[in-house]
Amino acid sequence: MKTFLRGLLGLAIAMPVMALLLIAGAWGRELWLSGRPALSGAEDTNPALIARGAYLARVANCAGCHSPRGGAPLAGGLPLGTPFGTLFSSNLTPDPETGLGRWSADDFWRAMHHGRSRDGRLLYPAFPYTSYTAMSREDADAIFAWLRQQPAVRQAAPAHQLGWPYRWQTALAVWRLMYFTPGDAPSQDEPGADRGASRGEGPQAVIARGRYLVQAVGHCAECHAPRNRLGALRDATGLRGGWHGVQGWTAPSLANPRAAGVQDWSEDEVAHWLRAGWSPRGAALGPMADVVAESLQHLSEADARAIAVYLRDLPREATTPAEFKPAPPAQLDLGRQVYAKHCADCHGDRGQGRRIDGQPAYPPLAGNRAVTLDAPQNLLQTLADGGYAPTTAAHPRPYGMPPWRQVLSEEEMAAVATVIRQSWGNQAPAVTAQDVLRLR
């Protein structure tokens, strides 16, 4: 008994000591990182540098998170929901009080590469410095040069609304100790960081450029890679898909041809889809439609092809398809009635889609991977809330999907989703009313 009590006493003493050592180690590492010299950068107003920054800011989709709905571009304040609370994006305009007006190029580089603000605060990884850390100094300087040319807007971001202990900088320091290491940014001489894809260099240079755009500038893993319970990316380079519970959408695996992998597509098909957001195989909807509209459609032809080459080269994910079980006849009968009444006019009685004036209008549902993902959330989100494919130069007239949330019951929505997933050669698990209720 005495031995047991001594063991408990030792454990009671050891646990706080270990916690203090962990905290001390986390802050010691942060002090070491903050003391590392920054790479030399130039605060240049060269028009070519600013133009390059404008392009890179588009590819990085800075405005997507830093422009509030209906507000001034890049003025921040957009709420970003997470499982740990709500964060608000920062003001990227050159306002000296609430934006980047007093920042230097070195300050901006530390934020992008080290995840540390000008005043020394650690930044939450909702700002994807976990990907931007692999961006080159030259590209970071170009983005900063462009941001400095934007109209200044005085608008302070609201305070983050995080629960305990996530609002503590110490907790963030411990998280970074476990999950974040600043990357080795490529130099300007490396093809991935420059424009190797547009200079007619070899296949490896094109793949390197595609990897750099996907993993660093485009930060695709922030959505298309799974996360652990503490929000850290797992296997960021694998791009095996992620679930975004707050938004209610699944970012499907880019390594699985049954999901969103493009290993079986041609290079032309992938490059076109990235810039158009639409192809005979399906359309971008939900958060991905925003990404195409605000970012990907502005890719150069060379960069779109570099991304296509890189994504087609990803190792295929070894997966076992979910077991297919036909839905009960009563559910299929109800689903067919709903489909004939509300869906067939646009998507066709055989799910073949529809063209108007010879141009693609409504995407096909037969063979559409977006509707046959193992998880039905994306299909249910589209049925419930509707939406539009992105308006792009290559697809300037997208047709919308009306919301059916207020029209269909949970049973009807589950039934029509099941019919779509189990007709015209589609074979995916049935959807239940409980699946629909989870979205509501």
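The values are calculated or read from the model by the stated rules, or taken from the named source; none is laboratory data. These figures come from a predicted structure and were not determined experimentally. Cβ coordinates were reconstructed from backbone atoms using ideal geometry, including for glycine residues, and neighbour counts include every protein chain displayed.
Structure values in brief
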read-out: Members of the stretch 234-248 that are over 12 Å from the mean Cα position of the chain (by Cα) and of a type outside the set (S, T, N, Q); value: 234, 235, 238, 240, 245, 246, 248
read-out: Unmet criterion (only one of (1) in a loop (DSSP other than H, G, I, E, B); (2) out of contact with any strand residue (DSSP E or B) (no Cβ under 8 Å at 6 or more places or on another chain)) for residue 438; value: (1)
read-out: Residue that is surrounded by the most Cβ atoms within 10 Å (Cβ to Cβ), among those in the stretch 349-408 that are basic (Lys, Arg) and in contact (Cβ under 8 Å) with a residue 40 or more places away in the chain; value: 369
read-out: Which numbered condition residue 83 fails, given (1) at pLDDT 95 or above; (2) out of contact with any Leu (no Cβ under 9 Å at 6 or more places or on another chain); value: (1)
read-out: Test result for residue 404, aromatic (Phe, Trp, Tyr), closer than 14 Å to residue 338 by Cβ and not assigned by TED's automatic domain parsing to the domain that holds residue 275; value: yes
read-out: Single residue of the stretch 48-74 satisfying the filter (under 22 Å from residue 131 (Cα atoms) and not in a helix (DSSP H, G or I)) that is nearest to the chain's Cα centre (by Cα); value: 61
read-out: Matching entry among 321, 364, 360 (being within 21 Å of residue 394 (Cβ to Cβ), within 29 Å of the chain's Cα centre (by Cα) and modelled with pLDDT under 90); value: 360
read-out: Any chance residue 174 is assigned to a helix (DSSP H, G or I), outside the structural domain of residue 242 (by TED's automatic domain parsing) and of a type outside the set (D, E, K, R); value: yes
read-out: Criterion: under 30 Å from residue 174 (Cα atoms), at pLDDT 95 or above and in a helix (DSSP H, G or I) - qualifying residue of 271, 216, 208; value: 216
read-out: Of all residues making up the stretch 122-136, the number that are crowded, with 22+ Cβ neighbours inside 10 Å and among the aromatic types (Phe, Trp, Tyr); value: 2
read-out: Helices (runs of 4 or more DSSP H) contained entirely in the stretch 279-350, each with at least 2 residues that are in the same structural domain as residue 249 (by TED's automatic domain parsing) and within 30 Å of residue 203 (Cα to Cα); value: 287-294, 301-312
read-out: Conditions (1) within 28 Å of residue 299 (Cα to Cα); (2) at pLDDT 90 or above; number of the one not met by residue 380; value: (1)
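Quick grid of which residues meet (1) assigned to a loop (DSSP other than H, G, I, E, B); (2) over 22 Å from residue 179 (Cα atoms); (3) of a type in the set (A, V, I, L, M, F, W, C):
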| residue | (1), (2), (3) |
| --- | --- |
| 87 | no, no, yes |
| 90 | yes, yes, no |
| 96 | yes, yes, no |
| 106 | no, yes, no |
| 112 | no, no, yes |
| 130 | no, no, no |
| 135 | yes, no, yes |
